[in-house]
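A.B. asks: Attaching a single structure in structure tokens format; questions to follow.
Only the coordinates and a few stated rules stand behind these numbers; no lab work does. Just so we're clear, the structure is a prediction, and the values are computed from it rather than from any experiment. Here Cβ is always computed from backbone atoms with ideal geometry, including for glycine, and neighbour counts include all displayed protein chains.
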Amino acid sequence: MTGHTKPSFIQTYALYAAWVIAVTATLGSLYFSEIREFVPCELCWIQRIFMYPLAIILGIAAFHNEINLKKYVLPLSIIGGSISFYHYLVQKVPGFADIKPCVQGVPCNVQYINWFGFVTIPFLALTAFTLISILMVLLHLNARKNS
């Protein structure tokens, strides 16, 4: 026995999964705007500002197997997820629809997609941000357990 323990499933795959989620969300947003020609509202642009760097940061971290990056990723994913949640409320909760965060261009309550009656673009972004946050917390807890 050399004293090295086999990396756990979380340590092996969480970082790559988070990167795949960020890349998928980034490409999905580009698909909606560039191919489907859905014009992003102001809140959508803000969500992109928080998601796009995650695809790069997590990609570099996955390439180098750098697992100590919660201090970089969690602020982006939590703030981006909070904006997505707020945007989703603006779309789906009548009381929030009166709040008009988007004053120019496309209104923030426009629902380009509404799959199954609840899945909108901000919901997809919220799901991605939430999954990335959960994976980073699991990765951090796993690293602490193994140290």
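A.B. asks: Please build a GNM for the chain, connecting alpha carbons under 10 Å apart, and tell me which residue among Pro94, Pro107, Pro53 fluctuates the most.
C.D. replies: Of Pro94, Pro107, Pro53, the most mobile in the Gaussian network model is Pro94.
A.B. asks: Under 13 Å from a label point 7 Å along Cα→Cβ of Glu42: give me every residue in segment 107-130 with its amide N that close.
C.D. replies: 107-109
A.B. asks: Using +1 on the beta carbon of Lys and Arg, -1 on that of Asp and Glu, and nothing else charged, what's the dipole of the chain about the Cα centre, debye to 20?
C.D. replies: For this selection, approximately 480 debye.
A.B. asks: Could you give each residue of segment 109-116 its phi-based ³J(HN,Hα) in whole Hz, using Karplus coefficients 6.51, -1.76, 1.60 with θ = phi - 60°, and x for Gly or Pro?
C.D. replies: Karplus-based 3J(HN,Hα) across segment 109-116 equals 8, 5, 10, 5, 10, 8, 5, 6 Hz.
A.B. asks: Determine, for each peptide in 27-38, 78-89, the mean count of other beta carbons within 10 angstrom over its residues, then list the peptides with the highest first. Before the final figure, lay out the partial values.
C.D. replies: Working: 27-38: 13.1, 78-89: 19.9.
Going by the mean number of other Cβ atoms within 10 Å, highest first, we get 78-89, 27-38.
A.B. asks: List the residues, sorted by chain then number, that are 5 or more residues from Phe38 or on another chain and whose placed amide H is less than 5 Å from its amide H.
C.D. replies: Under 5 Å from the amide H of Phe38 lie the amide H atoms of Ser33, each far enough along the sequence or on another chain.
A.B. asks: Below 8 Å between Cα atoms, with a sequence gap of 6+, how large is the relative contact order for the chain in percent? Show your work: numbers first, answer last.
C.D. replies: Working: 166 pairs, mean separation 49.8, N = 147.
Here the relative contact order equals 34 percent.
A.B. asks: What list of whole percents do you get for P(r) of segment 23-76, with Cα-Cα distances grouped in 5 Å bins up to the one holding the largest distance?
C.D. replies: Calculated over all Cα pairs of segment 23-76, the distribution is 4, 19, 24, 22, 13, 10, 6, 2 percent.
A.B. asks: Can you sort Trp19, Trp115 so the residue with the fewest Cβ neighbours within 10 Å comes first? If you can, show how the numbers build up before the last one.
C.D. replies: Values: Trp19 22, Trp115 9.
Ranked by crowding around the Cβ, least crowded first: Trp115, Trp19.
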